[in-house]
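I have a structure I would like to understand better, so I am pasting it below and will then ask my questions one at a time.
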Amino acid sequence: MPVAYVYDPVYLEHETGRHPERKERLLAILDHLRQTGLLAHLMVIPAERATVADVTRVHSPGLVRQLQHLAEAGGGWADADTVVGPRSVEAAFYAAGGVLAATRAVLEGTVESAFALVRPPGHHATPNRAMGFCLFNNVAVAAAWALAGGSAARLAIVDFDVHHGNGTAEIFQADPRVLYISLHQYPHYPGTGHWREKGGGPGEGVCLNIPLPAHTGDGGYGAAWTRLVAPALRRFRPELILASAGYDAHWADPLAAMQLTLGGFHTLAASLVSLAKELCAGRLVLALEGGYELQTLAHGVATTFRALLGLPAGEDPLGPAPEPEPPVEELLQAIARWHGLA
């Protein structure tokens, strides 16, 4: 079955100026995919515009109105980090709809896996607040749509952006149908994601936070994946896997201090592909989140597509991480015990 991507020029209309989350991120990705020939191997899924009903499954109507009014007034700041321009909310509706379109195509069996190359990103957006460069929570909108329509009774969201997806965690913290797994630098923005935070009420235990220390790289991420991520997914047995794909955990990214390499990202993506085939007939959807050094981001997305296509990682022009990694085994043991994965 084909591998697909979602893109729409409307994502470039979210104008942010010299902000780290800028339109040049998508342009760099697309240019690199063309130059490497990967784009020719991918099916295109047209983006669609999410409806207000789609968005308000996970966000308050008040947040939607607030952002619309801000855009209609010519733009401004939703918070100290988050720019809203005149066309930003329209782009955000299409970003959420792009991930939803990818999810629909995967669930209908049109494609096996898909990567939605969207912006603005989404995983920090909470039910009532736009924050951390995010307006609407794209992955959450798609997940809620799949659950509401009965296309999936249980799904997992794996977040490998360097920042904890506080918005996604808050939206699904009491929902036993959604397993949320986050690997992130800790302590770091937004300050959430301690390993003892594991959801509440009927959803207690569905939030698996893996807060890794600064300078963790391929070794620590690989150990966390083997010890925690894969066993948790196998225990939960989702019918669909969604991934918040951030590339700011690479050692060259300026907004964090982790040390993944391009090979490390390929390993994570290849493992997601393998787990999706094992658990849910290959159904896998990725949505772009962070990644702010343009060459790193473009190569990271490309190596992820190589994994989706069953290709090896290829050469790494950026090279190995510059520093030794800290030990993480004691932390991983504590998390495993806390979640009954020991």
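The values are calculated or read from the model by the stated rules, or taken from the named source; none is laboratory data. The shown structure was predicted, so the numbers you read here are calculated from the model rather than taken from an experiment. Positions of Cβ are generated from backbone atoms using ideal geometry, with glycine treated the same way; all protein chains shown enter the neighbour counts.
Is there any pair linking a residue in the range 208-227 that is farther than 12 Å from residue 260 by Cβ to one that is of a type in the set (Gly, Ala, Ser) and surrounded by fewer than 20 Cβ atoms within 10 Å (Cβ to Cβ), with Cβ under 8 Å and at least six apart or on different chains, and which?
Filtered contacts from the range 208-227: 214/257; 227/336.
Which condition breaks for residue 335 when tested against (1) β-branched (Val, Ile, Thr); (2) buried (at least 21 other Cβ atoms within 10 Å of the Cβ); (3) closer than 30 Å to residue 5 by Cα?
(3)
Here is a follow-up. Which residues, counting only those in the range 67-93, are assigned to a helix (DSSP H, G or I) and either within 17 Å of residue 148 (Cβ to Cβ) or without any contact (Cβ under 8 Å) to a residue 40 or more places away in the chain (or both)?
Scanning the range 67-93 gives 68, 69, 70, 71, 72.
Do we find that residue 221 is over 21 Å from residue 275 (Cα atoms), modelled with pLDDT of 95 or more and either of a type in the set (A, V, I, L, M, F, W, C) or under 17 Å from the mean Cα position of the chain (by Cα) (or both) in this structure?
No.
Now for a different question. Looking at 269, 287, which one is at pLDDT 95 or above, surrounded by 24 or more Cβ atoms within 10 Å (Cβ to Cβ) and part of a strand (DSSP E or B)?
Going through 269, 287 in turn, just one is at pLDDT 95 or above, surrounded by 24 or more Cβ atoms within 10 Å (Cβ to Cβ) and part of a strand (DSSP E or B): 287.
Return the only residue of 238, 211, 231, 254 being surrounded by fewer than 19 Cβ atoms within 10 Å (Cβ to Cβ) and more than 23 Å from residue 315 (Cα to Cα).
Of the residues listed, the single one that is surrounded by fewer than 19 Cβ atoms within 10 Å (Cβ to Cβ) and more than 23 Å from residue 315 (Cα to Cα) is 231.
Does the range 236-256 hold any residues that are charged (D, E, K, R) and either within 17 Å of residue 282 (Cα to Cα) or touching a Ser or Thr at 6+ places or on another chain (Cβ under 8 Å) (or both), and which are they?
237, 239, 253
OK, next. Identify the single condition in (1) more than 23 Å from residue 292 (Cα to Cα); (2) in contact (Cβ under 8 Å) with a residue 24 or more places away in the chain; (3) not polar (S, T, N, Q) that residue 96 does not satisfy, given that it satisfies every other one.
(1)
Scanning for something over 23 Å from residue 115 (Cα atoms), in contact with a Gly (Cβ under 6 Å, 6 or more places away or on another chain) and of a type outside the set (D, E, K, R), does the range 317-333 turn up at least one residue?
yes
Which of the residues that make up the range 23-48 are surrounded by fewer than 19 Cβ atoms within 10 Å (Cβ to Cβ) and basic (Lys, Arg)?
Matches in the range 23-48: 23, 34.
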